[in-house]
Structures are given as C-alpha cells and as structure tokens.
1. What is the one condition in (1) more than 44 Å from the chain's Cα centre (by Cα); (2) in a helix (DSSP H, G or I); (3) modelled with pLDDT under 85 that M604 does not satisfy?
2. Mind checking which residues of region 14-50 are open to solvent by 80 Å² or more (accessible area, probe 1.4 Å), at pLDDT 80 or above and either in contact with a Leu (Cβ under 6 Å, 6 or more places away or on another chain) or not β-branched (V, I, T) (or both)?
3. Could you please find all residues in region 361-382 being of a type outside the set (S, T, Y), over 20 Å from the mean Cα position of the chain (by Cα) and open to solvent by 10 Å² or more (accessible area, probe 1.4 Å)?
4. Is at least one residue of region 180-193 closer than 23 Å to V15 by Cβ, open to solvent by less than 50 Å² (accessible area, probe 1.4 Å) and either modelled with pLDDT of 60 or more or of a type in the set (K, R) (or both)?
5. With the requirement that a residue be among the small types (G, A, S) and crowded, with 17+ Cβ neighbours inside 10 Å, what does region 519-556 give you?
6. Specify the residue that is farthest from the chain's Cα centre (by Cα); the eligible residues are those in region 120-155 that are over 29 Å from R97 (Cα atoms) and surrounded by 16 or more Cβ atoms within 10 Å (Cβ to Cβ).
7. Just the residues that are in contact with an Asp or Glu (Cβ under 7 Å, 6 or more places away or on another chain) and in a helix (DSSP H, G or I), please, taken from region 494-515.
8. For region 101-119, name all the residues that are open to solvent by 30 Å² or more (accessible area, probe 1.4 Å) and either closer than 18 Å to T211 by Cβ or within 36 Å of the chain's Cα centre (by Cα) (or both).
Amino acid sequence: RTFARWLGMKRSEIVGTLYRELFTDASCDSLPMIDGLGRFMRSPTVLMALDGREGSRQVAVQQIFIREDWRTYSAFFAESASLSSQTVPDKISHFMRIVENAPLGILAIDETAHITFCNSAFCAFLNETQHKVIGKALLTYIDERYHDVVSDHLQEYTATQPQTGKMFEAALMGEESRSVLFYIGALERPSLNDPSGVTGVPLVLYVIDVTQNRRLEEQLTQSQKMQAIGQLAGSIAHDFNNLLTAMIGYCDLLLGRYSPADQSFTDVMQIKQNANRASHLVRQLLAFSRKQTLQPKVLDITDIVSELSALLQRLLGVKIDLRITYGRDLRLVRVDPIQLEQVIINISVNARDAMPDGGALTIKTYAYKTIKSVLTEGDIMPPGQYTVVEMQDTGIGIKAKDLPYIFDPFYSTKQKGAGTGLGLATVYGIVKQTGGFIKVSSIKDKGTTFSVFFPAYEGHEQPERTTYDFSVSRTLSRDLTGTGTILLVEDEEAVRLFSARALRNKGYTVVDVEDGEAALTYLQAHLNDPIDLLITDVMMPKMDGPTLMKEVRKTHPDLKVIFVSGYTQDKFRQDLGQGAHLQFLSKPFDIKELAEKVKGVLGMKNFS
C-alpha cells in the first residue's frame, strides 16, 4: 500500500509488473544479485531511484532471498530515503535487527487477514519458517476455539480505528498450544485521497507468549483447590473417626453380653468388621489431606522394599516381571513404615493396571545429593541428602494433558468404575506429610517413572527415644484391669460415654467432662483429689487438648497425658513443650486398645 502510494499508482496496476520497470536503469544496476544457493540470504541495503508517475523518488531497499524446493523467492523491504544516503541504509538495517530480535512476535496482516510479514519470534512460536508462514491466513495458526474471537476483534478494530491499540487473548496452534496476548495496531491510517485503492486497513499485531503465566495461575488455583479439599477431607475424616469410635466401642460392649455361639454375637461382629473397613477409607482421606497420625521410625528403606517384594510379586501377577535394584551407601530415613509400604503398593498397583498385556516394573533405591533447590511437582526440594525409591514401569504412560492432575483426589485416568482416584492422592499426601518429595515423568507407550525422595536422617543411626511416642503401647498380659483416677475430656458425647463406661468396667475411677474449661473447673474444685491420668481429645471447641495440657501442668506438673484424636495436626506437635509426658491413641479404637494404652501408661516407671 505504501509502495503504491510512492509510485502514485493503484496496487492492481503494480501487481504483475517486473520490478526493474519500477526503478531507473542506473538504480537496478546497483542492486546486488545473489545466486540463491543459500537457504536464506539477505542483500546489503542500497539506495535506489523509484520511477513514479510524479517523478523519481529515492528509496532504501533490502532484498531477501529464500531458497526452497529448487525455487528462489525474494522479498523487498523499502523505506523512503528522506535522510542522507549514508544514514538510511544503516537506519533500515538497525530497524530490521530490532524487529527480528524482539522477544515478542510481530506480524503484519493485510485487509483479508493474511500474513504479509512476521519476525523470527512469531515463527518460533509456531516452529515454522518465515517463508511458510507469510501468505497464510492468520486463522490457520489460531486455535479454532478462538476463531470467532480473533475475527471479531480484527473487524471491530478495522471498523472503528481507535486511537489506541486493542488487546485480547487467544491461543496459537503449533507443535503445542500457546496462550498469547494479541495487541492490534494499524500500520497507517487510510487517506481519502489515497490512490492505492485499498478498501481495508493493513494491521500489525504484537504477540506476547503468556503460556507460562497461565500455567502458574492454574497451579496456584489447583493448589488452593487442593488445600480446600484437604481441609474439608480432614474435617470429615475427623468427624467420621468419632462416629466409628463410638460404633466400634459399643459393639465391644454388646459382644461382652453374648457368647460366640449366639446369633446376635455374629450380627454385632459383622457391624464391627464393617466399621473397621470404614476406618481404612477414612485413613485414605486423612492421607491425602496430610492429617493422618504417623508413627515415624528410623529405618533402612532397603529392608522395607525387600520385605515387600514377595507381596508385590503376588499383586503384580505372572505377566509382570518385578526387578529390584538396591543402591549402596543409603542413608537412613525417618518415616512411618506402614505408610511407606502403602506408597510403594499404590504405585505398584497403578503400574500393573498400566500394563494389561504384561511388562516390567523396576524398583530402584539410591542415594541422591543436591547442592541447589530442585523443582518437583510444584514443590521446591531444598538442598541436602536424600534416599530415593524409584519405580519405573513399561506401561502405556500418562497423557500429557492428564499429568498435571494425577495427584488430585478423585481424578482417575482409568476406565469408569476401575478406580476411585484416591490412590495417587494418598501417595502424595503421605509423602508430603513425611517431609518428602515426589517427581513423575511419563512417555506415551513407553512407561512412567515415579521418584520418591525422603530426607536423610541426620540423627544417630540407632533411633533415639523421642519425647512424643505416637506408638500404641501394648502389654502381653491378658489382664487389662487396673486402678487409678482418670480425668476424661471428650466433646463427642458418644465417644465420651463409651470410653468412660469401658474404663470403669476395667476398675478405674473415671471423671468425664465435655470440654477443656469443664476439666479446669473440676481440677480447681478438687485440688487435693489425686488424678493419675488425663485423657483428652486434641480438637475441641473453646479449648483444645494442647492448651488444656499447658494449663493443667501449672497445678499438676507430673500428670501423665494421653491424647486422643482422629488426626494429629502439625501445629499440635509444634506447640507441645519439650519434656511433655504424653502418649497418643488414634481414633477409631476399641475397648482392648483403650485398656491396653491406659494400663501401659499407668504402669510406666519412667514415663519421660
């Protein structure tokens, strides 16, 4: 359009004309000829005289040659040479370098929305060469979901010609989809006396790649969603554990009334067994919400994997070859062995389902040390030493679109009805609660690799006795009766009544209250009455268990404490002072577990 204006001609008169007819003979001789043997070549910028209807006009010209399929294409870039002959070529070359090296895509389109120019950055977005892109319709490279959006914005801008540009978002289609921001601007505003005959307005578009920004926004949204789901699941699981504790407890009380030969005994036992099955589902909810009760121990991962090998082989079946490689010089780790086994089993079961026609599952253990932070599944793994369990299968792999969501609860890539979507969510919850990190990579039709990093244990090789013993002490004696006064604090009435009744049946004197404030009121009114043990729920209204313990310590510094809860919060662990004499009993529990715990704690000579 600009070129036509310089000549004082309509574009229809120019198209099809030999370019040499538009320049003076002397000027054509100054244009260097390039043989086109190279794939992509540029000529130096030279000054030429343009022979227009209104007289000669000096322009600076640069010619680009493109060699492709034994054909040579050339394109001219010209600028009116209003400056001196020494500065115009430098100015054009400098301008072209700025455009070519710009970190954002720049392209020009004609009135039919076909691309007439694009820079290297835009071609890189599409992974295409310039000569393949130029001449194509812009919508060819736009995700079809945004065709109407792009067309509407282009038409609106052309019709209104606003003083400022217009910005909108769309997606480019190349080897991978890219989220981009388009900024539209006019190359030049049309003139009423323009002899070029152009009815539309050529536009320039600036393209900014915002793919990474959108991914970060999605990760943040996903993280917030996971946090909300985790909090909800933890609260639901805690309430369910209270209900299950009451159900299991009253089942035990009923079983004491019937002989094993009685039909009622069998009926009650069925109720108890189903309540126990429900408690396993609750543990899964607590696992991915990272609020389950852990019983960490210092151990060698090699021992865990070795002990699991026989079970894993049975789980995998005869079609799958299990290969195990043990690393050397592995550091000890401090994890809950039961939960570690669940991590390995869950990943193995997923690997089995990904290899319906057979294959191989390789489990490796090795030491890993990093001196800089490493990004793993949205988390930053700090520098340090780690012991790694790596599990690699030869299955169908995980699709790229599913990979960011595999740890989401209830998200499953299996067929409907074949999975709950809790397996990998549970794995992720256990690993994070243990202080570890997990990394996953997958190649379609080649397999998936899960790498679980556990921080190396920095203490002594032999585990020290910790202040907080979260294990359930058990006695070999069948006599679970005892004596002593117990202050029982539990806000869930069904659990409190069952626990108090069960302990009284075992010979204990029990004072049961519904919250922490009631417990302090009782203690203040009975300062001279002996209290041998405090059993308190962790999560209670008004005053929680740890706060109650701190208040009780002021008047009863040596009082033994058992905390009871459906889960243990991290804050609960952090807030407990050093030297606290306490034990932990996880809900749901039955009469035997409660009695064993109480007798074990009261029988300890050196509780601390």
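The values are calculated or read from the model by the stated rules, or taken from the named source; none is laboratory data. Nothing here was measured: the structure is a model prediction, and the numbers come from that model. Cβ sites come from the backbone with ideal geometry, for glycine too, and all protein chains shown count toward neighbours. Surface areas here come from the heavy atoms of the whole protein model, side chains and all, with no ligands, DNA or RNA. Shrake-Rupley method; radii C 1.70, N 1.55, O 1.52, S 1.80 Å.
1. Of everything listed in (1) more than 44 Å from the chain's Cα centre (by Cα); (2) in a helix (DSSP H, G or I); (3) modelled with pLDDT under 85, M604 misses just condition (2).
2. Selection gives G16, L18, E21.
3. Initial filter on region 361-382 (of a type outside the set (S, T, Y)): 361, 363-364, 367, 369, 371-372, 374-375, 377-382.
So of that shortlist, the ones also over 20 Å from the mean Cα position of the chain (by Cα) come out as 361, 363-364, 367, 369, 371-372.
K364, A367, K369, I371, K372 - these are the residues of region 361-382 that are of a type outside the set (S, T, Y), over 20 Å from the mean Cα position of the chain (by Cα) and open to solvent by 10 Å² or more (accessible area, probe 1.4 Å).
4. Yes, that holds for at least one residue.
5. Keep residues of region 519-556 that are among the small types (G, A, S), which gives 519, 525, 545.
Result: A519, G545.
6. Residues of region 120-155 over 29 Å from R97 (Cα atoms): 143-149, 151-153, 155.
Next cut, surrounded by 16 or more Cβ atoms within 10 Å (Cβ to Cβ) only: 143, 146, 149, 153.
Values: D143: 25, Y146: 27, V149: 30, H153: 34 Å.
Looking at the filtered set, the residue picked out is H153.
7. R496, S499, A500
8. N101, P103, L104
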